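Working notes, structure below.
What follows is calculated from the coordinates using simple rules that are stated; it is not laboratory data. Just so it is clear, the model here is predicted, and its values are computed rather than measured. Reconstructed Cβ throughout: ideal geometry from the backbone, glycine too, with neighbour counts over all protein chains shown.
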There are 2 protein chains.
Amino acid sequence: MSVDPTIARFLDPQTIAVVGASDRAGSLGLRTMRNLDGFTGRVYPVSRRLDRIGDRPCFATLADLPEPPDCVILAVPAAAVEDEVRAAAAAGAGGAVVFASGYAELSDPAGRMAQDRLAAVARESGMRLLGPNTTGFATFASGARAGFAEFPGGVPEGRRGIAIVSQSGAMGLGLAQAAEHGVAISHVLTCGNSSDLDAADLVAFAAGQPAATSIALAFEGISEPDRLLSAIRDAGKPVAVLRAGRSPAGAEAVRRHTGTDPHAGFDWNGGLAQAGAITVVRPERLVETAVFLAKSAELPPRAGQPRIAILTSSGGNGILAADAVAAAGLPLAALSPATTRALAARLPAFGAAHNPCDATAEASSDPNLVPDCAGAILSDPAVDALLLPWGKAWDAGQFGTLSDLARRHGKPLCLVWMSQWSEGPGAAEAEAQPGLSVFRSLDACCAALSRR
Amino acid sequence: MSVDPTIARFLDPQTIAVVGASDRAGSLGLRTMRNLDGFTGRVYPVSRRLDRIGDRPCFATLADLPEPPDCVILAVPAAAVEDEVRAAAAAGAGGAVVFASGYAELSDPAGRMAQDRLAAVARESGMRLLGPNTTGFATFASGARAGFAEFPGGVPEGRRGIAIVSQSGAMGLGLAQAAEHGVAISHVLTCGNSSDLDAADLVAFAAGQPAATSIALAFEGISEPDRLLSAIRDAGKPVAVLRAGRSPAGAEAVRRHTGTDPHAGFDWNGGLAQAGAITVVRPERLVETAVFLAKSAELPPRAGQPRIAILTSSGGNGILAADAVAAAGLPLAALSPATTRALAARLPAFGAAHNPCDATAEASSDPNLVPDCAGAILSDPAVDALLLPWGKAWDAGQFGTLSDLARRHGKPLCLVWMSQWSEGPGAAEAEAQPGLSVFRSLDACCAALSRR
């Protein structure tokens, strides 16, 4: 799917105007300005009251800007929104972000009508709209954090990241906080009431962004399910999907939240599967699944159920991993005699040269033990993927070596963080390795492996 | 079940001797000594080589100690273990911790025979044994960290905590790392090969400890299933159980790990349920379930499925919570008209005075909004429990107020941490509140609520 240039102009802007820019502590206007401090493009604060905000000169109205802005952020109350949307269209803006709530999510039909008027301005002018009732978006490569809330995320130099597409703003921000334990995030894109741009448009935009390796999509309602399925099918990169509003009570709450249609009668499971999406039901798994899909997308493809090997330095966690592999219906790899001999030669006498392979607590005094065993196991043609339950948060160990091994052998290496200190020492370092996928649940890992 | 005094003497010791005490960096002996720095009792290093370790004078042999030690830690190689076990028994020790591996977990029958000899010494002398192939135990109230590994845990002044009983040492330590995000832990008790003390004995011991509010048990094999079930039934406090080795491959790995019998043919599900245990299948849920059981044990009991109310400041997370409640088969509470009116009066016009109740992003600028809504909801007799999906890690907010409200109304208040920054700002503060149970998964929360 080629990227719509009007959407690309708006969501990857060179110029951003902030209507309602402010210097008042705690205000939406000031928080939005602060979020743009790292933006590499041009920022135009719009304020009738202020001459400057910090170093930046203000403009009284959108009509006064020196150039048509690619993106206008409306940090203004609902009552002022419609006039400013018209002013943005008149100024030739690429698009407008509308934070204000009180539109189609109200039970009062006046809310829907007000929203329809905004959509009509966009439709007639060709300007795009994000919202209303949205927290905005962040395109981290240029530092365009077009929202009032803190947008965690970003991608280390020379890497790519997952794009988070979330209809719900707060949910998108909560997912994006994965950045705090080392997940690389290229975009956070939220669409709220979806009066113009909806989840389908945002997926299509993210699909066209080279910085995005995969897409983590959380949505709840959309006008045309088939458009969303097409966007996923045509994305050309993996899409992990969390759908909210699966239950009757949930679907009812969708209408009160974003005023969008959950299409409860639609065959979402079938449609998403056919479109090639990997669906998750548990919200806590969306990000780790998207990261796994991104990292494993670079490995050679293979058909059939992957045969899993387990390597651990904690026998107990190895047993739990074997249980989880069995529960997921995946086969445990039958290690070749040569592999078993190689493991037995390297392990202490009380280790287990089997699958699961138990390197025992010796691993903590012999730092090459786990990588050496991993190398032997990954070399075995009977092994398609290696699952490494990681018992305790401590130093980053040999994560770089393990990652290199996995990439050299072209097989997924999943590190399942079994410690209850889920962001403890080593967690971010593991996440940063291109050849290691980190999960915080054995069965999430097995589910992802089975659907790769 | 009354506590066996021989076990209490050993696992809540006043005197600890360390055989193999050492001053060599990285050695088991030095690591064990360091772990006892905070012990409130007396420590006797035993070493033929050294006169003192730090401030402490050494004793050449166990026979030279000034008093019979309650607990002897054997930080010595397997070859030296049997002699030292005999020496400990001869010295009148209460019990001995055996770290060494290479016993019944070996395929070589010599390992089993060596272990049987240790058990015979214990049986004949009345001295208790923990291990072999164990990481030891920690009784935090006295600082008795009887192991070589770092034992995270402890209970803040004036509080109690969960007791972790884990057959696997590494798993026990990984579970205990929950302390790093604020979980109060009274004990970590690991039994490895269980030659004498097994999971049943450790559950019975923990049951008798006033510092322990509930028990988180992870086990894989035991000689007599019925003894374990009796210990759980008689515990007099909640027991959450994770059983490893449910699958054939897992059960086989149990024999290689601790040489114990997983009793694969036994009706564990039926037996554990009848004994009143709350079983979890996913390892990541054991600790949070045990904490929930402990905190909610102080609330008035009630019969039947709890009617759940949902309160959120993120509509999207409220929808997901409604989906999870439905998936768990729990009823959503039908709020009374009075509650709905009270909520509508307090919420912004674009909030949702329904169940799920959406306080919207207004909650971030109006810090009393969520507590006020929680108070209205908890007052409703149609509500048995309140589920609060917490969208983003940030400040601790009104956790104290929420906790007080929940306790005053005698209803569980579950905060489900939806942020991917799972140990971010506020997490430890929420955990510390006696009236708030923190979950990191909606469905774990619903499962726990349904089985309270």
Reciprocal of mean inverse Cα separation for the stretch A:308-451 (Kirkwood radius, Å): 14.7 Å
Antiparallel bridge percentage (DSSP; both residues within chain B; nearest 5): 15 percent
The protein assembly as shown - share of DSSP beta bridges that are antiparallel (%, nearest 5): 15 percent
Amide H contacts of A:Leu217 (H built 1.01 Å from N, under 5 Å, at least 5 apart or other chain): A:Val165, A:Ala240, A:Val241, A:Leu242
Calculated label separations, A:Asp51, copies of the chain, 7 Å along the beta-carbon direction, nm: 8.1
Distances in nm from B:Ser365 to the matching label points in the other copies, shortest first (labels 7 Å along Cα to Cβ): 6.2
Trypsin sites (Lys or Arg not before Pro) within the stretch B:221-322, DSSP loop, no more than 14 other Cβ atoms inside 10 Å: B:Arg302
Cut-off under 5 Å, modelled amide H: who pairs with A:Leu332 long-range: A:Ile308
Charge dipole magnitude, Cβ of K and R +1, D and E -1 - the protein assembly as shown, Cα centre, debye nearest 20: 320 debye
Rg in Å to one decimal, and Dmax rounded to a whole Å, for the stretch A:152-295 via C-alpha atoms: 14.0, 45
Loop-exposed GluC sites (Glu not before Pro) per DSSP, neighbour cap 13 Cβ within 10 angstrom, longest uninterrupted part of chain B: B:1-156
Coarse-grained scattering of the protein assembly as shown at q = 0.06, 0.11 Å⁻¹, given as base-10 log I(q)/I(0) from a Debye sum over alpha-carbon atoms: -0.44, -1.25
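Per the Cauchy relation, a quarter of the hull surface: what is the mean projected area of the convex hull of the alpha carbons in chain A, in nm²?
Computed as one quarter of the Cα hull surface, the answer is 22.2 nm².
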Relative contact order (percent, whole number), chain A, Cα cutoff 8 Å, 6+ residue spacing: 11 percent
Within chain A: Cβ-based charge dipole about Cα centre, in debye rounded to nearest 20 (Lys, Arg +1; Asp, Glu -1): 340 debye
Under 14 Å from the Cα of A:Lys411 - aspartates and glutamates, other chains or at least 8 residues apart: A:Glu298, A:Asp380, A:Asp384
Most positive-pole-ward Cα, B:Leu74, B:Cys58, B:Gly102, against dipole of the stretch B:5-130 from beta carbon charges: B:Cys58
Dipole of the stretch B:152-295 [Lys/Arg +1, Asp/Glu -1 at C-beta], most positive-end residue of B:Gly192, B:Gly271, B:Gln177: B:Gln177
Dipole magnitude of the stretch A:5-130 about its Cα centre (Cβ charges: Lys, Arg +1; Asp, Glu -1), debye to nearest 20: 140 debye
Ranked B:Ile185, B:Ile7, A:Ile164, criterion: other C-beta atoms within 10 Å, fewest first: B:Ile7, B:Ile185, A:Ile164
Exposure proxy ranking, count of Cβ atoms within 10 Å, fewest first, for B:Ile222, B:Ile73, B:Ile278: B:Ile278, B:Ile222, B:Ile73
Dimensionless Rg over Rh [the stretch B:5-130; C-alpha; Kirkwood]: 0.96
5 angstrom amide H check on B:Val43, placed H, neighbours 5+ away: B:Ile16
Label 7 Å beyond Cα on the Cβ vector: B:Ser142 copy-to-copy distances, nm: 6.7
